[in-house]
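Worksheet: the structure to be examined is printed underneath.
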Amino acid sequence: MNTYSLIKPELLMLTKEQMFSLMPYFYMFVGALFTIILSVNKKLSPKWTVFLVSLATCLVGISTSVARLKIDTLTLFNGMMISDTYSHLFNIIFIVSAGLTILSSFRYLDKEGLQHPEYNVLILLAALGMMLMTSSMDLIVLFISLEIMSLSVYVLVGFRRADRRSNEAAMKYFILGSAASAVLLYGTALLYGATGKTQIHDIYTFIQTHPQSMSPVFVLGAWLVILGFLFKVASVPFHMWMPDVYEGAPAPITGFMTTGLKAAAFAAFLRVFVSLGYGSVLSETIQTHLHHILWVCAVLTMVVGNVVALTQTNLKRMLAYSSIAHTGYLLIGLLAGPKSDQGYSPMIVYLVSYAVMNLGAFGVLTLISTRDDGGLNLNDVSGLSRRHPWLAFSMAVFLFSMAGVPPTAGFLAKYLLFYSAVQANELPIVIIGVLCSAVSVYYYLRVLVYMYMKEPQGSPMKSGFSVWPSFVVAAMVFLTLQIGLIPGGILTVARKAMAAL
Amino acid sequence: MGWLNSHLLTAVIFLPFFWGLIGLLIPTSGKGGVGTLKIWTFLGGLITFVISCLLYTRFNALGDEFQLKEAATWIPALGVSYQLGMDGISLWLVILTTFLTPLVILGSFDAVKERVREYYFLLLVLETGMLGAFLALDVFLFYVFWEAMLIPMYFLIGIWGGKDRVYAAMKFFLYTVVGSLLMLVAIFYLAYQHKVQFGSFSTAIVDLYRLKIAGGDSYTSPQMWLFMAFALAFAIKVPLFPFHTWLPDAHVQAPTAGSVILAGVLLKLGGYGFIRFAFPLFPDAVMKIQHPFLVLGTIAIVYGAWVATVQPDIKKLVAYSSVSHMGYVMLGLFSLNTVGAMGSIYQMLNHGISTGALFLLVGVIYERRHTREISEFGGISKVMPLFAVAFLIITLSSVALPGTNGFVGEFLILLGAWKANPGLTAISATGVIFGAVYMLWMFQRVMFGPVKKEENKKLKDLNFREVAVLTPLVVASIVMGIVPNFFFSKMEPSVQKFLARAKATSPMETAVASVSTLQKGDR
């Protein structure tokens, strides 16, 4: 009963500033609803109206978020949500990746005969879920937004209904994802049981005021929450869902997952971690304990991801394992954050760069894929440089970037990340990390070998030129090189976002 | 012109790149398109060479350590700046690069028929990468050029190479990446040390030179670890025994232009890295580990020569001779005295000229016969007299005959090494003999005797273009042998400064006099 009395109606009233900072979420929500209405209006050709309206929604969402990058931190809804540079920066990442996914899917859906308007609606809803997830300051809100995102993505993964692999992936993802959500929810429940709070800030205060009373219930709850997050970011040993899901999902959705979903999981992870006092008020024992867990997970993730990726012949699957490997690098950032000058900003830069290069790479895959996502094996890209020189060039840029070769975004991001880890005195893991990324060079370059150094095999596949995905790819090539050469802007924003956290 | 005057180094570095970008726009499908592209690319290389000659006139040997400096902020948050500068050592390496590139472009006019546009573009990108690495005065910038350079080279080997090109390209890339990633960790550490000691991040070399890193007489000091991280990257590039195994593969599989650039310039980057970074930054570690590295250098010299002797393939023979010659470079550098260091830098230039020329000569004969097996030839001097003359002069320069460039370099190196370690020098000196054995024996089998094979009887001698490619190299190898002082005078003060840094703990040598006397004796 005590809790109810705490909710004061006047606190739910929004001031003008609060309304202002809620607008991105509002627009995305309205846009999603509007597209649902449009998709049943058969008179207006839902294919085009939904496509255009969802793009417009994304544009509005991006511009409103950009306008809010510089405003001060605001708590909303009695402290259940927060609006700061950090959340709006990530909002931009999510909406951009949603918008670009919608763009590059347009022809793809035609080709696959899957032109259903629900596709775009679900992407918008998933993006909304991610946005809420990053800005939530309450474990319950976090869980709900996580579910909004996950449920939309489960459906999207199984969108190629006629394909067995897609169905299998959706099923697998649904079951394992639900289990992980359950674990997270159970952890939340235990934390609530131990502290009587669900708001992160209250839990933080609780830890501060009761440093000695770390009850087993609390520890177990914290453990389960961490496990839930480690599952969502696909850290080894909770990575097994990822390769199958990535392979089975439609190519553009895989791109969306590697960028949006991964960034969202990491953003929320980081938010909860830091807000709970990781690196500051938590006691020494817990800090070292967490450090060890993350250390082991990071090393395992890097090694397993990179080594298994060596043997993959399907590009989507290869990129799935590479995505696991990148999770490992990102965990180093999490590890090093509290002790380095840059804080967690290397992670943000890394997530942005990773999103850019992956959106581009999956844009290329979407363009070259044949019906039923075929034509994505290594053999199928043989001699791509002769058939589609520009696509091959773009793919080369993305692959060099993922391998961390200058002058690309991937290099700069890795530089920052490992640099901050050296500052945090984490030399062993940095050395493991760089050696792993030397391993990764092999499988990235192998794709180049097929594209550039082998003759085309079999009859050249017909994959029509389409303007939207090509635009996405070109923009991502530009951004990859731009972040690699002139990173000043992104560094400043990341730093600002970190300061807000 | 004002901008150009103050940004001469930037202009030299990026001219080839932008020139190549414009070259990409030349349509190659129409009649004469390919010809235009070739001439355009060649002109680009030539203009870059002319500008780099301007660098020679602008450089004052007795002036500051680094000249024609440029500095601009780049990523202030990381302490990274865009800093360029040149000393007497990088001056010559830059000129070597810009000298070889147009020749290589001219040399591949007939050899490359596929994907011509990409080929010439990549050659020019590669030139930009190499020049950038030689001129960068910021470790981050250096690293960017150093790694970015791998990309064009990887494609050059992998697309236009021989039968096992994919394997060779991959091996080349992976070897270099492993080495340089560990160097990157060391760079992080240095940049962070700058923050600890001076309060701000910096990756500028002149700032890093001021760092005090725990060293002393120990194999486990921080200096030693950092030195090893840098040395691994550079030793792979040089390549120093036992990290040389990528080299024969890469050389043999690469197209002629790739081999020439690889031998002529890329390997020099390894040596240059030692001079610019590893030695001055970690003097204590260098002192401590001097003799083990001298041993490795000696092994490289003798082993490279022995293995070269038994190669049935001319290109592979030249590749192993590179291992041997670069062993001299390491021997000279690690003798840590002026004579040795001067000789070693000179040897880098020589090796660029003579091995580059050898690869071009092998390319000439390969284009005609499509084989490089020594046993396929014999009596070539009768059918190709001009070719034989050029081959002879270059062979003699490679075996260090007095009067050619090779002699000056090897002599100075052995002289310097004698002061450091007489025993090893004696062993290394046998390399000179073995060098004569494998080169002359190969020359004899290819050039002399009766013309046995039917195909060899109708071989055409060098055409005008090939003469134009080889003449500058032949002339350079003789000029460098006769008037070495022309080169030494610009580099000597820089070498002194480099050694002063590298031996921060011990008093400076007074070997300058001996070098001057030597030069007089040569004439």
Reported set for segment A:436-445 where residues are of a type outside the set (Ser, Thr, Tyr) and facing another protein chain (nearest Cβ under 8 Å) is A:438, A:441, A:445
Looking at the structure I just gave you, is residue B:47 at negative phi and modelled with pLDDT of 85 or more? yes
Output for segment B:366-389, where each listed residue is over 22 Å from residue B:99 (Cα atoms) and either among the acidic types (Asp, Glu) or touching a Leu at 6+ places or on another chain (Cβ under 8 Å) (or both): B:367, B:368, B:369, B:373, B:374, B:376, B:380, B:383, B:384, B:386
For segment B:136-161, what are the residues that are at the interface with chain A (Cβ under 9 Å from one of its Cβ atoms) and more than 19 Å from the chain's Cα centre (by Cα)? B:140, B:155, B:158, B:159, B:161
Only one of these conditions is not met by residue B:109: (1) out of contact with any Gly (no Cβ under 7 Å at 6 or more places or on another chain); (2) of a type in the set (A, V, I, L, M, F, W, C); (3) assigned to a helix (DSSP H, G or I). Which number is it? (3)
With respect to residue B:93, determine if the residue is away from chain A (no Cβ under 11 Å), more than 22 Å from residue B:271 (Cα to Cα) and part of a helix (DSSP H, G or I). no
Of all residues in segment A:407-435 being more than 8 Å from every other protein chain (Cβ to nearest Cβ) and not in a helix (DSSP H, G or I), which is farthest from residue A:343 (Cα to Cα)? A:408
Do we find that residue B:103 is within 14 Å of chain A (Cβ to nearest Cβ), under 20 Å from residue B:47 (Cα atoms) and either assigned to a helix (DSSP H, G or I) or aromatic (Phe, Trp, Tyr) (or both) in this structure? no
Selection count, segment B:240-252, where residues are assigned to a loop (DSSP other than H, G, I, E, B) and crowded, with 23+ Cβ neighbours inside 10 Å: 3
Considering segment B:162-178, residues that are among the small types (Gly, Ala, Ser) and surrounded by 24 or more Cβ atoms within 10 Å (Cβ to Cβ), and then whichever is farthest from the other protein chains (Cβ to nearest Cβ), we arrive at B:168
Kindly establish whether residue B:118 is within 13 Å of chain A (Cβ to nearest Cβ), acidic (Asp, Glu) and in contact with a helix residue (DSSP H, G or I) (Cβ under 7 Å, 6 or more places away or on another chain). no
Among the residues in segment A:283-300, are any buried (at least 24 other Cβ atoms within 10 Å of the Cβ) and within 13 Å of the chain's Cα centre (by Cα)? no
Have a look at A:330, A:334 and point out the one that is farther than 25 Å from residue A:253 by Cβ and not aromatic (Phe, Trp, Tyr). A:334
Give just the number: which of (1) aromatic (Phe, Trp, Tyr); (2) surrounded by 18 or more Cβ atoms within 10 Å (Cβ to Cβ); (3) at the interface with chain A (Cβ under 10 Å from one of its Cβ atoms) does residue B:227 not satisfy? (3)
Conditions (1) buried (at least 24 other Cβ atoms within 10 Å of the Cβ); (2) modelled with pLDDT under 90: number failed by residue A:326: (2)
Residue identified as in contact (Cβ under 8 Å) with a residue 40 or more places away in the chain, surrounded by fewer than 24 Cβ atoms within 10 Å (Cβ to Cβ) and in a helix (DSSP H, G or I) among B:375, B:344, B:354, B:397: B:375
Taking the criterion of being without any contact (Cβ under 8 Å) to a residue 60 or more places away in the chain, out of contact with any Lys or Arg (no Cβ under 8 Å at 6 or more places or on another chain) and surrounded by 18 or more Cβ atoms within 10 Å (Cβ to Cβ), would at least one residue in segment A:262-279 satisfy it? no
Residues that are more than 23 Å from residue B:497 (Cα to Cα), touching a strand residue (DSSP E or B) at 6+ places or on another chain (Cβ under 9 Å) and either away from chain A (no Cβ under 14 Å) or in a loop (DSSP other than H, G, I, E, B) (or both), drawn from segment B:50-84: B:79
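Residue-by-condition table, conditions (1) assigned to a loop (DSSP other than H, G, I, E, B); (2) surrounded by 24 or more Cβ atoms within 10 Å (Cβ to Cβ); (3) of a type in the set (A, V, I, L, M, F, W, C):
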residue	(1), (2), (3)
A:222	no, no, yes
A:231	no, no, yes
A:234	yes, yes, yes
A:237	yes, no, no
A:247	no, no, no
A:252	no, yes, no
Residues in segment A:384-406 that are surrounded by 19 or more Cβ atoms within 10 Å (Cβ to Cβ) and either under 18 Å from residue A:442 (Cβ atoms) or within 11 Å of another protein chain (Cβ to nearest Cβ) (or both): how many? 14
Report the residue count in segment A:338-351 for those that are in a helix (DSSP H, G or I) and surrounded by fewer than 24 Cβ atoms within 10 Å (Cβ to Cβ). 2
Among what's in segment A:446-461 and is in a loop (DSSP other than H, G, I, E, B) and free of Cβ contacts under 8 Å to residues at least 60 places away in the same chain, pick the residue that is nearest to the other protein chains (Cβ to nearest Cβ). A:458
Per-region count, segment B:183-206, residues free of Cβ contacts under 8 Å to residues at least 40 places away in the same chain, more than 23 Å from residue A:435 (Cα to Cα) and outside any loop (DSSP other than H, G, I, E, B): 3
Name the one entry in A:477, A:467 that is over 15 Å from residue A:336 (Cβ atoms), at pLDDT 80 or above and of a type in the set (A, V, I, L, M, F, W, C). A:477
Checked against (1) in contact (Cβ under 8 Å) with a residue 60 or more places away in the chain; (2) surrounded by fewer than 21 Cβ atoms within 10 Å (Cβ to Cβ), residue B:237 satisfies every condition except (2)
Regarding segment B:292-313, can at least one residue be identified that is on the phi < 0 side of the Ramachandran plot, assigned to a helix (DSSP H, G or I) and among the charged types (D, E, K, R)? no
Subset of segment A:31-41 that is in a helix (DSSP H, G or I) and touching a helix residue (DSSP H, G or I) at 6+ places or on another chain (Cβ under 8 Å) - its residue that is surrounded by the fewest Cβ atoms within 10 Å (Cβ to Cβ): A:40
Go through (1) at pLDDT below 90; (2) within 14 Å of chain A (Cβ to nearest Cβ); (3) under 22 Å from the mean Cα position of the chain (by Cα) and name the single condition residue B:129 misses. (1)
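The values are calculated or read from the model by the stated rules, or taken from the named source; none is laboratory data. Bear in mind the structure is a predicted one, so any value in this text is a computation, not a measurement. Note: ideal-geometry Cβ built from the backbone for every residue, glycine included; neighbour counts use all protein chains shown.
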